[in-house]
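The values are calculated or read from the model by the stated rules, or taken from the named source; none is laboratory data. Small disclaimer: the values here were computed from a predicted structure and weren't measured. Glycine also receives a Cβ, built like all others from the backbone with ideal geometry; neighbour counts cover every protein chain displayed. The area values use the complete protein model at the heavy-atom level, side chains included, leaving out ligands, DNA and RNA. Shrake-Rupley method; radii C 1.70, N 1.55, O 1.52, S 1.80 Å.
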Amino acid sequence: TNPKATIRWQPNNQFLGRASYSTGFLAPSLQQLFLGQREGVTAAGTDDPLRCPTTNDTRDCNTQFNVLNGGNPDLKPEVGTEFEAGLDLGLFGERLGLEFNVYRKRTEDAIVPTSIAPSEGFTGTQLRNLGVVENKGWEVLANLKLEKGDSMFITETPDGYVVTPHDPAFEQQMTAAQ
């Protein structure tokens, strides 16, 4: 069971406060746990990232290397928590909308493919539980309705501002350009 708590407070149509907290887990699959170790080789044309730049030798550059892949019966489930809170404001008869959000997601025992040490006689990857992964931040969004039916969005993030007109024809042009 993954518990989740959510609270919402809306005293009127112009103000909404909300927050949520949840926990969860991701258990490793049977394949991730018990797939047998198997030997193989890398794709042709692979360079040893440490030795090739130094030696320029055909044994280290543009060749194939032995690899070892397989399950890891020592994997534990990933365990995570997530918190998000925000405020939504509608001003001037809903012509100006403001949203502010903060979030934090933390995952412990993240299941990550890691390199096998070359000293073990092979290169390759194996899934292992590694420390903590954390994603946190904030967002600010402004929605301005210029005329009836028209609007644009201004979003501020730690990376800067993004202005997006809410125009179906513009959205189709942007989708076609990608």
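Below is a table of values for the structure above.
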item	result
Condition check for K148: part of a loop (DSSP other than H, G, I, E, B), modelled with pLDDT under 85 and either hydroxyl-bearing (S, T, Y) or on the phi < 0 side of the Ramachandran plot (or both)	yes
Tally of residues being surrounded by 11 or more Cβ atoms within 10 Å (Cβ to Cβ) and more than 30 Å from R106 (Cβ to Cβ) across the stretch 76-94	3
Close pairs from the stretch 1-15: first touching a residue at least 12 places away in the same chain (Cβ under 8 Å), partner surrounded by 10 or more Cβ atoms within 10 Å (Cβ to Cβ) and of a type outside the set (A, V, I, L, M), Cβ under 6 Å, at least 6 apart	N2/T23; N2/G24; P3/T23; K4/S22; A5/Y21; T6/S20; Q14/G90
Residue satisfying condition, being open to solvent by less than 100 Å² (accessible area, probe 1.4 Å), out of contact with any strand residue (DSSP E or B) (no Cβ under 6 Å at 6 or more places or on another chain) and either free of Cβ contacts under 8 Å to residues at least 24 places away in the same chain or not in a loop (DSSP other than H, G, I, E, B) (or both), within set P53, P49, P73	P53
Breaking point among (1) over 29 Å from the mean Cα position of the chain (by Cα); (2) open to solvent by less than 80 Å² (accessible area, probe 1.4 Å), for V41	(2)
Residue match in the stretch 24-36 (condition: on the phi > 0 side of the Ramachandran plot, outside any helix (DSSP H, G or I) and open to solvent by 90 Å² or more (accessible area, probe 1.4 Å))	no
Tabulated pairs, the stretch 98-124, first part of a loop (DSSP other than H, G, I, E, B) and modelled with pLDDT under 75, second among the aromatic types (F, W, Y) and surrounded by 14 or more Cβ atoms within 10 Å (Cβ to Cβ), C-beta under 9 angstrom, 6+ apart or interchain	I116/F122; F122/F65; G124/F65
Residue satisfying all of: in the stretch 1-32; of a type in the set (A, V, I, L, M) and more than 23 Å from the chain's Cα centre (by Cα); nearest to E108 (Cα to Cα) among these	L30
